[in-house]
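Enquirer: This structure is in structure tokens; I'll ask about it shortly.
Each value in this text was obtained by applying a stated rule to the coordinates, not by laboratory testing. Since we're looking at a predicted model, the values are computed, not measured. Methodologically, a virtual Cβ is constructed for each residue, glycine included, from the backbone with ideal geometry; neighbour enumeration extends over all protein chains shown.
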């Protein structure tokens, strides 16, 4: 990648409650801000070694000591990524995973310093950002958020205030970028319902954030160009189109037709659907 002039950031995840005992040390329950039922399923390996969708058990609530340990896990993971040759790391704090679970009031019913108020629910994320930035340099760190996300049971009572506060606080570091997913996206599916708050949310975060803003979620070449021209974002990210088009930049430049992705192959199985999409002749 570097030989071709590219840059690569490794996305750091902790899925929190969106997990299964089969992945946990000693078969323990997954961890979460609160011990609440989880809507949805997670991808596991069955007794025959095949990938299947499995039920998610009610998780265990993290202790304060557990939270502190995970902050250090993020720090360690960031150092490992840089030592392995990455140009930076992206802290994944969206899509219904652990940091997002703490941010959203629907999934965070804690009564300690990590629950209740907006400041408390954002505390875990900000501690992770501070630790990772101190370890590898803020200029090597991005943060991904899904404001007003509904995936995997997310929801917040005051999303504009919550994500407005987080946006302002992220200005405390000179991060590489802030990465937002358009609120119209629910997982990999675009919600066709129209909610004026979605657009208002992105525009308010754009106005509040002083650094580089990246947007993702349902973009094509034309809408990406428009978003940048309008000042909605500085960078547009592509996910599913890149899975199906190994030469996506070239196709966008030449306005060529795109391959259609196969969603059935997105979350596991064989090489089919990842390495067999054709490039342009």
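Enquirer: Find how many whole Å separate the alpha carbon centroid of the range 218-249 from the alpha carbon centroid of the range 257-281.
Expert: Answer, in whole Å: 18.
Enquirer: Show me the ranking of peptides 131-142, 217-228 by mean Cβ neighbours inside 10 Å, starting with the highest.
Expert: Values: 131-142: 19.2, 217-228: 15.2.
Packing order, densest peptide first, comes out as 131-142, 217-228.
Enquirer: Next up: Any idea what the relative contact order of the range 2-237 is, in percent, if you count C-alpha pairs under 8 Å spaced at least 6 apart? Don't skip to the answer; put the middle values down first.
Expert: Values: 426 pairs, mean separation 38.5, N = 236.
Value for the range 2-237: 16 percent.
Enquirer: Between residue 242 and residue 53, what is the label-point separation in nm under the 7 Å Cα-to-beta-carbon projection?
Expert: 2.5 nm
Enquirer: Also, I was wondering about something else. For the chain, what is the Kirkwood estimate of the hydrodynamic radius, computed as the reciprocal of the mean inverse distance between distinct Cα atoms, to one decimal in Å?
Expert: Taking the inverse mean of 1/r over all distinct Cα pairs, the chain comes out at 20.0 Å.
Enquirer: Evaluate the distance, in nm, between pseudo-label points positioned 7 Å from the Cα of residue 210 and of residue 257 along their respective Cα→Cβ axes.
Expert: Here the modelled spin labels are 4.9 nm apart.
Enquirer: A further question follows. Quick one: among 214, 86, 152, which has the greatest mean-square fluctuation in a GNM of the chain with alpha-carbon springs under 10 angstrom?
Expert: 86
Enquirer: While we're here: If I stretch the segment between residue 139 and residue 174 completely, what's the gain in nm (0.36 nm per residue apart, minus their alpha carbon distance), one decimal?
Expert: Working: separation 35, 0.36 × 35 = 12.60 nm, distance 0.62 nm.
Contour length minus Cα-Cα distance gives 12.0 nm.
Enquirer: Over the range 162-281, what is the mean sequence separation of C-alpha contacts under 8 Å (at least six apart), divided by residue count, expressed as relative contact order in percent?
Expert: Values: 129 pairs, mean separation 24.7, N = 120.
For the range 162-281, the relative contact order is 21 percent.
Enquirer: Any idea how far apart residue 223 and residue 158 come out in nm if each label point goes 7 Å out from Cα toward Cβ?
Expert: Going by the 7 Å Cα→Cβ label model, 3.1 nm.
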